[in-house]
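Quick notes on the structure that follows.
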Amino acid sequence: YGINDTDTAAGFTLPGVTLTPYESEGTTVKFDLNIDLSISEQGIGLSWVYDKQLFTQAHIAQLDQHLGRVLTALCALEPTQTVALAQLPMLSAPEQEELLVTLNDTQLCYEQDVCMHERFERQAAATPDAVAVICEEVALTYRELNRRANQLARYLQAHHHITPNTLVGLCVERSVEMVIAILGVLKAG
């Protein structure tokens, strides 16, 4: 136990005992992912044992690179220096670029003179039977969402005298009703 490579096993001797590395076809572990870390004079050795149903070799290679970066950063610290683990680099420069820039490059140009609820009404007219919103088991088409938002807008105008620039507070959990309320308030003014 604790002897992971043949170099270490060759140097490890006990009187009257012969050690021979045993290679098996498959390894059974109790956990989905097991990382064995060994430190020697030659450096740090990592051994990954994982469930092939959950992880691909590419996933493990990426995890290995991430852990390697963290360990390298730890080794570069001064002995008296303390750093939070979250501050250590894990991602490569291309991975950081992908996550911070490429995936966030979602800016679109919209007409500046059209309100959001008017854009929604255009979409509802163009694709009335398409699903507009889904929350848990509830799904509404553009037609139904538009109808219910219009109904709420008329109610707010008639019974609460909502006019343009009237502040309306909403206290609703995330739901289809929240979307209806937001559109209804916008349509009411």
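The values are calculated or read from the model by the stated rules, or taken from the named source; none is laboratory data. As the structure is a prediction and not an experimental result, all values here were calculated from the model. Positions of Cβ are backbone-derived with ideal geometry, glycine not excepted, and every protein chain shown enters the neighbour counts. These area figures cover heavy atoms from the full protein model, side chains too; ligands, DNA and RNA do not enter into them. Shrake-Rupley method; radii C 1.70, N 1.55, O 1.52, S 1.80 Å.
Points worth noting:
- Scanning the stretch 147-174 for residues that are in a helix (DSSP H, G or I) and open to solvent by less than 90 Å² (accessible area, probe 1.4 Å) yields R148, A149, N150, L152, A153, L156, Q157, A158.
- Candidates E98, E111 - the one that is acidic (D, E), open to solvent by less than 100 Å² (accessible area, probe 1.4 Å) and in a loop (DSSP other than H, G, I, E, B): E111
- Exactly one residue out of G45, G68 is under 30 Å from N34 (Cα atoms) and either at pLDDT 95 or above or assigned to a helix (DSSP H, G or I) (or both), and it is G68.
- Residue in the stretch 165-182 that is among the basic types (K, R) and in contact (Cβ under 8 Å) with a residue 24 or more places away in the chain present: yes
- Enumeration of residues in the stretch 127-146 that are part of a helix (DSSP H, G or I) and loosely packed, with under 15 Cβ neighbours inside 10 Å: none
- E177 being open to solvent by less than 70 Å² (accessible area, probe 1.4 Å), out of contact with any His (no Cβ under 8 Å at 6 or more places or on another chain) and in a helix (DSSP H, G or I): no
- First in the stretch 85-98 and in contact (Cβ under 8 Å) with a residue 24 or more places away in the chain, second anywhere and surrounded by 10 or more Cβ atoms within 10 Å (Cβ to Cβ) and not hydroxyl-bearing (S, T, Y), Cβ under 6 Å, 6 or more apart: M90/H66; M90/R69; M90/V70
- Residue match in the stretch 9-25 (condition: touching a Gly at 6+ places or on another chain (Cβ under 7 Å), part of a strand (DSSP E or B) and modelled with pLDDT under 90): no
- Pairs where the first residue, in the stretch 47-67, is at negative phi and the second is among the acidic types (D, E), C-beta under 6 Å, 6+ apart: S47/D36; D51/D32; L54/D32
- A124 being assigned to a helix (DSSP H, G or I), surrounded by 13 or more Cβ atoms within 10 Å (Cβ to Cβ) and of a type in the set (G, A, S): yes
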